[in-house]
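Asks: This is the structure I want to talk about, given as structure tokens.
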Amino acid sequence: QVQLVESGGGLVQAGGSLRLSCAASGRTFSNYAVGWIRQAPGKERAFVATISRSGDSTVYADSVKGRFTISRDNARNTVYLEMNALRPEDTAVYYCAAKETAAYLGMNYNYWGQGTQVTVSS
């Protein structure tokens, strides 16, 4: 079992930056691939980015490529999502999620955090 807690969300103006954190506790965090998924009001959850358990492989949604960076510090049991050049359409609840595998591209994660709100004003 892995418990995930997101933090770092908030209100920011368009063009601004935020860094989200996903802190994990429980089983060996370095065994898990981790993803960030977001859900905008009235929309389904959407993939944002994923990172392999070693941190050497990342994949991004086209909509955030070049603006967002996912990284991890396994010694601190934490995954980060650095978000730059934010746009109003990035407004959503952001969730981190984990799956006990080397790398994973999908939405069927086993463990989910409670989410953190990101609001980008125009």
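The values are calculated or read from the model by the stated rules, or taken from the named source; none is laboratory data. As the structure is a computational prediction, the values presented were derived from the model and not from experiment. Cβ sites come from the backbone with ideal geometry, for glycine too, and all protein chains shown count toward neighbours. Each accessible area value is taken on the protein alone, full model and side chains, heavy atoms only, with ligands, DNA and RNA left out. Shrake-Rupley method; radii C 1.70, N 1.55, O 1.52, S 1.80 Å.
Asks: Considering only residues that are under 14 Å from the mean Cα position of the chain (by Cα) and of a type in the set (Lys, Arg), look in the stretch 23-52 and name the one that is surrounded by the fewest Cβ atoms within 10 Å (Cβ to Cβ).
Replies: Arg45
Asks: Hey, another quick one. Within the stretch 72-92, can one find any residue that is more than 15 Å from the chain's Cα centre (by Cα), small (Gly, Ala, Ser) and over 30 Å from Ser122 (Cα atoms)?
Replies: yes
Asks: Also: Go through the stretch 53-67 and count every residue that is among the basic types (Lys, Arg) and loosely packed, with under 15 Cβ neighbours inside 10 Å.
Replies: 1
Asks: Let me ask something additional. Does Phe47 qualify as being among the aromatic types (Phe, Trp, Tyr) and farther than 19 Å from Gly9 by Cβ?
Replies: The answer is no for Phe47.
Asks: Now for a separate question. Check Gly66 against each of (1) in contact with a strand residue (DSSP E or B) (Cβ under 6 Å, 6 or more places away or on another chain); (2) over 18 Å from Gln3 (Cβ atoms) and name the one condition it does not meet.
Replies: The number of the failed condition is (1).
Asks: Cβ-Cβ below 7 Å, separation at least six or inter-chain, first residue in the stretch 28-45 and under 16 Å from Asp90 (Cβ atoms), second acidic (Asp, Glu) and surrounded by fewer than 22 Cβ atoms within 10 Å (Cβ to Cβ): which pairs?
Replies: none
Asks: If you don't mind, another one. Please count how many residues of the stretch 83-122 are closer than 15 Å to Ser7 by Cβ, of a type in the set (A, V, I, L, M) and open to solvent by 10 Å² or more (accessible area, probe 1.4 Å).
Replies: So the answer is 1.
Asks: Going residue by residue through the stretch 9-22, is there one that turns out to be open to solvent by 30 Å² or more (accessible area, probe 1.4 Å) and without any contact (Cβ under 8 Å) to a residue 40 or more places away in the chain?
Replies: No: zero hits.
Asks: Please go through the stretch 56-99 and pick out each residue that is outside any loop (DSSP other than H, G, I, E, B) and free of Cβ contacts under 8 Å to residues at least 12 places away in the same chain.
Replies: Asp73
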